[in-house]
Amino acid sequence: MAQNRVNFAISDLKISGLLNCPKRGHYEISDLGKQTLAKLGTDITAKYVHSLPMYIDYQNKRRQNKSDDKADNDIQSLELTKGQIHNWFDKQKENLSDALLTKLRETDPFVFEHMMIELMTRMGYKGADGKAFVTQKSNDGGIDGILNQDALGLRKIYVQVKRYAEDNTVGRQIISQFHGDLDLQGAGSGVFITTSSFTRSAEEAGKKFNIKLIDGETLTKLMIEYKVGVQVQDTFELLEIDDDFFKKEN
């Protein structure tokens, strides 16, 4: 017990700068120690030693190191598995999809029509030499956009879009009316896009009339996939060892 107390005392005196240690196991009083001895004599207390600048600086650094170690341990405890990373990205996409759908419902209807034609163009429906355009508001015959898949316009896709609120679902009557507009154009199929959803009877009519129905949820997924109305914020790469590289012959 006494030996431990002596060791602690020597350690504190060395840390505070009152002792020097020229080599292992050998100690000598420092200039600061001599000044302190001359000033206080045998009244040097632990409280005084612990109040010296070198001792305080040592303790501050020690606490900082402990804090850094704790932070490192916290970071290690937060290491994610590959599955957790995928789940996180899926959640971000879900949140982005919700925000995008809200934004679409606030967009000017005519701007929305242009955005939908842009989406279908990026999806490849315009064709290499074809054209895509939004019809004029007046006398559009129930058609909001047309994509010519070839230069001569022999293969066309007719599109109708509805920027509806969430609770304003598209019913069978609207799909039947669009089917009639397609008949007038001599078209056997079309695409109907909405920011809301379709009733079951509307879905049945879509299948019967060969009309592809795209609801709000599907729409935002397509916009994210083809990067329409969104942009890349950050890019992360997950790397692994290329075993084939190490099998190459010299």
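The values are calculated or read from the model by the stated rules, or taken from the named source; none is laboratory data. The shown structure was predicted, so the numbers you read here are calculated from the model rather than taken from an experiment. Every residue, glycine as well, gets a Cβ built from its backbone with ideal geometry; the counts of neighbours run over all protein chains shown. Remember, those area values only see protein heavy atoms, side chains included, never the ligands or the DNA or RNA. Shrake-Rupley method; radii C 1.70, N 1.55, O 1.52, S 1.80 Å.
Assorted remarks:
- Assuming charge only on the beta carbon of Lys and Arg (+1) and of Asp and Glu (-1), the dipole of the chain about its Cα centre is about 840 debye to the nearest 20.
- Pairs over the 30 Å Cα-Cα cut-off, from the set K103/K131; K126/K207; K91/K207; K103/K208; K93/K208: K91/K207; K103/K208; K93/K208.
- Apolar share of the accessible surface for segment 95-180: 49 percent from carbon plus sulfur atoms, 1.4 Å probe.
- Paramagnetic label zone (point 7 Å from Cα along Cα-to-C-beta, S201; backbone N under 13 Å) in segment 166-187: 170-177
- Rounded FRET efficiency, nearest 0.05, which uses the C-beta distance separating E237 from Q136 and R0 of 41 Å: 0.30
- Diffusion constant of the chain at 20 °C, which comes from Stokes-Einstein with the Kirkwood Cα-pair radius and 1.002 mPa s, µm²/s: 84 µm²/s
- MRE, 222 nm, helices only [DSSP H, n ≥ 4, -39500 (n - 2.57), over the chain, to nearest 500]: -16500 deg cm²/dmol
- Alpha-carbon centroids, segment 82-111 and segment 14-32: separation in whole Å: 66 Å
- Scanning residues 5 or more positions from S30 or on other chains, those with amide H under 5 Å from its amide H are L19, N20, with H placed 1.01 Å from N in the peptide plane.
- Protection-proxy order for peptides 177-188, 85-96, each taking the mean of Cβ atoms within 10 Å per residue, highest first: 177-188, 85-96
- Listed peptides 102-111, 42-51 by packing density, highest first (mean Cβ within 10 Å): 102-111, 42-51
- Listed by chain and number, the lysines whose alpha-carbon sits under 29 Å from that of K247, ignoring those within fewer than 8 places in the same chain, are K82.
- Probe 1.4 Å, accessible area per residue of the chain, Å²: 72 Å²
- Along the axis of the charge dipole computed for the chain (Cβ charges of +1 for Lys and Arg, -1 for Asp and Glu, origin at the Cα centre), the listed residues I146, F236, S11 are led at the positive end by S11.
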